[in-house]
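The values are calculated or read from the model by the stated rules, or taken from the named source; none is laboratory data. This is a predicted model, so every value here is computed, not measured. Note that each Cβ is placed from the backbone with ideal geometry, even for glycine, and that neighbours are counted across all protein chains shown. In case anyone asks, the SASA skips ligands and DNA or RNA and just uses the protein heavy atoms, side chains included. Shrake-Rupley method; radii C 1.70, N 1.55, O 1.52, S 1.80 Å.
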Amino acid sequence: MASPILELRGLVVRYGGITAVKGIDLTVAEGEVVALIGANGAGKSSTLKAITGWTPAADGSIEYRGQSIAGLPGHRLAQQGLIMVPEGRGIFGRMTIEENLLMGAHARQDPPADVLRDMQAQFERFPRLAQRRRQQAGTLSGGEQQMLAMARALMARPALLLLDEPSMGLSPVMVETIFVLIAELAEAGMSLLLVEQNARLALEIASRGVVLESGLVVLEGSGDDLLDHPMVRTAYLGESAVN
Ligand SMILES: Nc1ncnc2c1ncn2[C@@H]1O[C@H](COP(=O)(O)OP(=O)(O)O)[C@@H](O)[C@H]1O
Ligand SMILES: [Mg+2]
């Protein structure tokens, strides 16, 4: 296996008296897509937020490329290529699409011409965003906002992308578009940690899957093995227990 880009050991996340993540180990290898699945409240978002420091870890270690990243501010993580697209997308609704994209590159120290070239590349990838580049992002549809969130993340030139429920609230056509994009990024060698309620799509695209229940890892394996696993099929793929 390729060397790990991300390694969590014994990660604990607490909110006051609530322990949302209860000591999990999780590894993402260079170039690997790992799907993190689990019911509402299982601790998926808390895990991602602990990685980026939005919610400090109460215990355990978080290593990115072999170095502890505990306590590092977001722009330092961004400079090192660790980027999250948060639950709810986190776009700036009062800013234009262009301004949102430039925010995505704020931590880069490259010449402005390089940043503008990358913005042009995102506009070529997402023509809907190009047409609306000077509109406020809040006027976009949910699917377009998810595209913008992805495009903004790509402006940071991520090496490891954390995606929290990218398909949430999207039409089937938009879900398809987003998953095609995720597959392209994976194909291009980006490492991805993908949190999804849509377990089937996530496991189909992932090389490995990890199942969280009440803050604990209860199952992990290859994407294909998990798609065939009876517990996954009944609990997360909506199949009845009798067949
Ligand atoms: N800011 C918060 N304050 C208090 N409890 C929280 C907070 N965020 C999440 N939780 C709780 O932590 C648990 C895990 O939540 P979360 O990580 O959002 O789960 P998931 O993303 O898997 O749905 C839930 O019980 C949730 O209610
Ligand atoms: Mg969540």
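General observations
- log₁₀ of I(q)/I(0) at q = 0.21, 0.24, 0.30 Å⁻¹ - the range 93-157, Debye sum with one point per alpha carbon: -0.74, -0.96, -1.42
- Net length gained if the chain between residue 94 and residue 183 were fully extended (0.36 nm per residue, minus Cα distance): 29.0 nm
- Space enclosed by the convex hull of the alpha-carbon atoms of the range 189-243, per residue, Å³: 84
- The range 135-243, dipole about Cα centre (Lys/Arg Cβ +1, Asp/Glu Cβ -1), debye to the nearest 20: 300
- Cβ-placed point charges (K, R +1; D, E -1), dipole of the range 93-157 about Cα centre in debye, nearest 20: 140
- Förster radius 22 Å - calculated FRET efficiency between residue 39 and residue 204 (Cβ-Cβ, nearest 0.05): 0.70
- Charge tally in the Cβ shell below 13 Å around residue 61, where Lys, Arg are +1 and Asp, Glu are -1, residue 61 excluded: -3
- Dipole check for the chain: with +1 at the C-beta of Lys and Arg, -1 at the C-beta of Asp and Glu, and the Cα centre as origin, the magnitude is about 900 Debye.
- Measuring nothing but protein heavy atoms, the accessible surface of the range 93-157 at 1.4 Å probe radius is 50 percent carbon and sulfur.
- Theoretical ellipticity at 222 nm over the chain - DSSP helices of four or more residues, -39500 (n - 2.57) apiece, nearest 500: -10500 deg cm²/dmol
- The chain: antiparallel DSSP beta bridges as a percent of all, rounded to 5: 60
- Taking max minus min of the alpha-carbon positions on each principal axis, the chain gives extents of 52, 41, 37 Å, largest first.
- For the range 146-169 versus the range 203-239, the gap between their alpha-carbon centres in whole angstrom: 23
- Å² per residue, accessible surface of the chain at 1.4 Å: 46
- Relative contact order for the chain, counting Cα pairs under 8 Å that sit 6 or more residues apart, in percent: 26
- Positive dipole terminus of the chain, leading residue within 52, 191, 178 (C-beta point charges): 52
- Packing-based ranking, highest mean first, of 115-123, 150-158 given that Cβ atoms within 10 Å are counted: 150-158, 115-123
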